[in-house]
Structures are given as structure tokens and as C-alpha cells.
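Peer 1: Before we start, here is the structure in question, set down as C-alpha cells.
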Amino acid sequence: MALLQFRNFRILILVIFPAIFFLSAGLSAQSKIDSLSTQFQQAESDSLKVVTQIQLSRQIHREAHNEEKELQYAQGAVQKALQLNDTLLYALALDNLGLLFRYHQNYDESLPLHTKAYNLVKDKDINPLNKMIFANNAGVAGRYNHNYDTAVSYYMEALKIAERENDLKNIAIASNGIGNALTSIPGRADQALDYFERSLEAEKERNNSLGVAMNYLSIGDYYIDKSNFTKAREYLNELLEINRERDDQYGLAITNEFLGKSYLVEGRNLNRAKEFFTISLEGFQQIGDRQKQAEILSSLGDIEQKQGRPISAEEYYQNSLDLASGLNLHGLLMQNYLRMAHLKEETGEPVEALSYFKQGKAYEDSIKLSEQNVEIAALVRKYDLEKKESRIELLQKDRALQEARLDTQEQLLEERRILMLLMGIGLLLILIIFFLQYRNAQTKKKTNARILKEEKEKMKAIYERNLARAEILVTRLQINPHFLFNSLNAITYLIQTKENEKAMKYLVVFSRYTRMVLETSQKHIIPLSEEIKLTRYYLTLEENRFEKDFTYKIKVEESAVKGISIPPLLLQPFIENAIWHGLLPSKRDKKQLFINIIPNEKEITIIIDDNGVGRKNAGRKTTSGKKHKSMGMQIIQERISLYNKSYSGKITYEIIDKKDENCKPEGTRVVLTLQRIEGKKPGDNFNKFEALPSEAEIS
């Protein structure tokens, strides 16, 4: 903000605050207030008045609880500090007013005051302690106002400063605040434990038993929320021992409350929960905390209701209602009325249930209305404060304008001298730039020539690679029409012979096979598992061409083929040759085809074995007198060659003629070896991975 500048008031703040505190320490509550009032009236400077007003507002809150007077002095301090144009003093006054609003649960008004106080000083050279206090207060207000992201951001600011200053106290405060805020943010609660433990470590290093106790309570509550009740109770039991050593009656009462809560939430030992809540209730009764008594009574009512004792539950709820009504705790009143309504509904008393329900909803509506009124009041105060800030800023601008006019003539002369100097420097810079541009142009010319040469070589390599891939695609497409023609003829034959059911099954398998072929048509390589699936479909289709003398078997483990890629439909021509040129011409009673897939670390071997007539007999002349020429094998050879040019993994194959002891043909064996592509992991570059089809799926 332009209107706020620094004065050397930091020393005054550091001296006056401790002096006021120690002088008033031995006085009675009213005497302290009277003494501060006198100091305020007799203050010789406006700065001292602001300091005294801040201290007086806090003292009234501690001792007299007069909200109207507290806010009167606190707002007066803000207005006076604003007029003094002192950034630190103004930030202190804003932070003090925010604290008072927070103490009275007006978090909508508290949060913007703390954030403004911090933002005023975050980039200023002031005592880092003030920055940490303002940021931590903003975090607390944000957390209480359910603005958890805002709370975390300001706690983080405080934590960064505290770590830089090695301030263990504020490290502990900020870390604990972050943990509590994170527990309320969906999806981030798991991060909270690290900050609670960090805060606990700092408090232990400080030997601060109260801070240690607070963190044990936070960690215990964290584990309750995580339903890790055993771990929660370990921390809470340690906390009991700490509070006993400290003789902290409030600490003992709240620890017993959380132990009861752990058993209530767990729901396994409600009697144990009741014991702890009863002890906690007695503790809060001894120290006179009526709000906590009301909360404990409501929890005891929940236990009685869960244990099926509605009369006892109603008594606890009613006692809680009586206390909450006297304290005007609308939230607890709403909760108890709604629970009474539920209780009456379960005991078959609908009229009373409806009455309690209406009262609960009425308090719910009043809570919403109160929140709206608080928000409106906060907006009005914010508008008034900004209006005053703007007015003071305007006055300062007018004063600055008058001062600027007095200096105009002198500035003009100075500007002329500077202009002449700059013109001389500019001329020199122009000459230097001209020289550098000429030299850069020569260098760029040489560099462009070299880059152009490299780009040509790179484009040539890319062109050759793309050409090879295009050839792979073209040669692959030569296989499909041949097989499609044969398959459609087979379906036609089955329909003509009125084997309609068989034709339908054949057509289903054929459609699945065709769909897979289309899905892989845009891929250069596919997982070996998909190629095997295509092979199963193909063999199922070809099996229909035989009677019952043809069998096949594929031996493979699904996990063994992960990470292996292969050009689509590479196996089919080998299998097609085995069936059409090896097994169909064979006169054996049992015509067998066996495919065995053997993996190792760097490659995989595929063996296609048949007991057909062998290549020698398959190569005999046909009835037309022309020797059969296998176009499929020629295409396969071209595809393998192009694949080996395009990928680091290589494919090789060998065809072996099997013979018996008398050197008569016993069939043919094809052995393919596929290397893994370098740098690839299982599943890379594949759109999907399908399991091998089962026999039931094919049929």
C-alpha cells in the first residue's frame, strides 16, 4: 500500500510492550485495566497511544470479557495507526483486531485482518518474529473458518521464516497448524502426520511439555480418524502421563475425552468409552468449563442410545441442552435436538420426535442467519477501512504533488545533463552494436551452411526410414486378400451343404479374426500375444477344411511373451504352407501341427512343426504341368528384410526338412528367432494387451 511507510518505531514497540506487561503483572485485573486506561489518557505521543490501546483491548478481553469495549479500543488503534502512516504499527493493530474477532468466533472478520497484517510486512526489513506471528495467526483464522488451503499457505510462510531463523517455537506452531489443516482437506490427510511429528520433535528439543502434549493429542486424533485405534491410544496414554506430571487438569480432562472418543468411534467397547467420558466430565466440572461439559454429556447420550437405553440417553441429551442453552451454543443445541428427535422416532413417539426436529432445524436456520450477519458486518467494516485507507492515500498523493512542483526546475536541468551524457553513450553503443552485428552475420552465415548440410542428411535418413515402413505396410496387405477369398469360399460351401450351425460358428470366428486384422492394420509391430491370438483364430478357420484327421497344438505361456513384438500376420504364411502344401496332400490318418514358443532373456524361438509330405513332395508339378510358386514365402522374406532394416531387433528363420531313418520325408519344421527390440519394455508402443484366446472363447 502506497500510503504506508516505515518509521523507526520498532525499538519503541520492543521497549513499551514488555514495560507495560511487567509493571502491570502484580496488579489486580481491574487495576491493570485502570492503569492502562490512565496511560492511554496521558500518552504523550500518538504512537504510544496506539500501543496502549492494543494492550488495553487485550487486557479487557482477558479480565472483563466486554466485547464492545475490546473492539472499541482495538478499532481505535487501527484508525490511529493508519493516520500515523507507520506500517509496522498498523500491521500490529490489524493483527490485534483480528485476534479479538477470532476470540469471539468471528472468523470471517478475523482472517482478512491477519492476512493484511502479514502482507504489509512480508517484504519489509522488520523483526522476523512479527512476520511469523502474523502468518501463524492468519493460518489459525483460515483453519477455523474452514479455508484450509489458505490456512496451509500462511502456515507455510511462517514455517519458512521460522526455519530460516531456526526458531523452534514457531517451527512447532506452524507445523502443528499445517497438520491440523491437512487433516481437514480431502485427499491430503496422510501428509498431516509428518508435520505433527516435526512439531513434536521441535517441542521436545525446546523441552516444552505443553507443546509436546498438544502434539500427542493431535497425533492421537489423527490415528482415530484413520481408525488405527491401538496406535491412537498409545499416544493418548503417553499424553495422560505427561499431563499428570504437569498437573494439568484441563489436559487430563481433554485426554480422557479423546480416549473415550476412540472407543466410541471404534464401537467395540462402549462401556470403556463411557468410563473415560465420565472421568473427563468430572474434570471439566472441577475447572468450571461448562461448554466442554455440554459436549461430553452429548457424547454420553450417544453411548446410551447405541446401547439401547433411550431413557438414560434422553437424560444426558437434556442435561447437555440445559448447559448449551445457558451458553447460547447454537451448534450444540441443534445437534442435541436432532439427536432427541431421532431417539423419539426410534421409541415410537412421532409427535415429540417432530417437535424436537423442528427445534433443531430452527437452530440450524439461526446459525445460517448469524453467519450471514457476521459476513455482512465483515464486509461493511472492510469497506470502511479501505475507504479510510484510500482517503489517506489521496491526501499523501496531493502533498507529494506539491513537493514535486518545487523540485521541477532543478530536475529539468539535471535531466538535460543526463540526456547529453546518454546521447554520447548511445552513439558509442551504436558503433559497438554495428560491429557486433557484422561479426555475428559472418558467423551466422557459416553456421547456417553447416546446419543446412546436417538437416539434409537428417531428412534423407528420415525419408529412407519412412520409405521402409511404407514398404512393410504394402507387402503386409498382399497377404489378406488371398486368405479372405478362401475363408469366404469355405462359408459359402457350408451354407450350400446346409450346415448352417457350423457356418454360423465359422462366421463368428471369421469376424473376430477379421476385426483383429483391421485393428492391427495401422501398426508396424504388435505384441506377440496378439499374433498368437490371430494364429488361433486362423487355425480354427482352417480346421474346418479337414474332416477329423487334423489336430493342432500351441504351447505357450502368457507371461513368457511379454515384451516381444512382431510384424502382424508374420506367422500365418508359414502355417498356411504347412496346412495347404504339407498336411492336406498327406495321406496320414493323423495330420498334426505343433507350435512351440520357447523364451529366453534376449530372444524367443518359435517352432512350427508338421508331419506333412515335406517340401520335396509339396513342390511337385500340378496337373496343369506348372510348378507351384509360393508367393506368401516371397512376401514374408521381403517383410522380414524390411523389418530388420527398420528396427534394432532382428528376425531370422530356418526351414528344416524332417526325414525318417530311410531318408523319407516326415514333414517340415520352421524355426523363427525373434530378438527383443532394444530399449523396449513389455507393453511399450502397444495400444492394448489382450490375453490369449481360450478354446471356449473360439468355439
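The values are calculated or read from the model by the stated rules, or taken from the named source; none is laboratory data. Only a predicted model underlies this, so the values are computations on that prediction, with no experimental measurement involved. Here the Cβ positions follow ideal geometry from the backbone for every residue, glycine too, while neighbour counts run over all protein chains shown. Heads up: the accessible areas ignore ligands, DNA and RNA and are worked out on the full protein's heavy atoms, side chains in. Shrake-Rupley method; radii C 1.70, N 1.55, O 1.52, S 1.80 Å.
Peer 1: Can you work out the accessible area per residue across the range 235-286, with the rest of the protein chains kept in place, probe 1.4 Å, in square angstrom?
Peer 2: 51 Å²
Peer 1: Quickly rank 230-241, 584-595 as a protection proxy: mean count of other C-beta atoms within 10 Å, highest first.
Peer 2: Listed from highest to lowest mean packing, they are 230-241, 584-595.
Peer 1: Which three lengths, in whole Å and largest first, does the range 315-358 cover when its Cα atoms are put on their principal axes?
Peer 2: Principal-axis extents of the range 315-358 (Cα, largest first): 31, 19, 11 Å.
Peer 1: Quick check of the Kirkwood formula: for the range 27-138, what is the inverse mean of 1/r over all pairs of different Cα atoms, in Å?
Peer 2: 14.1 Å
Peer 1: Report the percentage of all Cα-Cα pairs in the range 242-290 whose separation exceeds 11 Å, rounded to a whole percent.
Peer 2: So the pairs more than 11 Å apart make up 62 percent of the total in the range 242-290.
Peer 1: With every protein chain present, what is the per residue accessible area of the range 505-578 (1.4 Å probe, Å²)?
Peer 2: 38 Å²
Peer 1: Continuing with this model, one more query. Strictly greater than 14 Å: what percent of every Cα pair in the range 550-605 meets that?
Peer 2: Above the 14 Å cut-off, the range 550-605 has 64 percent of its Cα pairs.
Peer 1: When the solvent-accessible surface of protein heavy atoms is calculated with a 1.4 angstrom probe, in what order do Arg339, Arg244 fall, highest first?
Peer 2: Arg244, Arg339
Peer 1: Follow-up question, since we're still on this one. Accessible area of Lys361, 1.4 Å probe, to the nearest 10 Å²?
Peer 2: Here the accessible area works out near 70 Å².
Peer 1: Give the whole-number value, in cubic angstrom per residue, of the convex hull volume spanned by the C-alpha atoms of the range 131-210.
Peer 2: Convex hull volume per residue, Cα atoms: 76 Å³.
Peer 1: I'd like to check one number: the per residue accessible area of the range 98-214, probe 1.4 Å, reported in Å² as a whole number.
Peer 2: 44 Å²
Peer 1: Here's a follow-up. Keeping all protein chains in position, work out how much accessible area Lys204 exposes to a 1.4 Å probe, and write it in Å² to the nearest 10.
Peer 2: Result for Lys204: roughly 110 Å² accessible.
Peer 1: Here's something else I'd like to know. Given R₀ = 35 Å, FRET efficiency for Gln105-Gln307 by Cβ-Cβ distance, to 0.05?
Peer 2: For Gln105 and Gln307, the calculated efficiency is 0.55.
Peer 1: Please report, as a whole percent, how much of the solvent-accessible surface of the range 94-252 comes from carbon and sulfur atoms (probe radius 1.4 Å).
Peer 2: Result for the range 94-252: 42 percent of the exposed heavy-atom area is carbon or sulfur.
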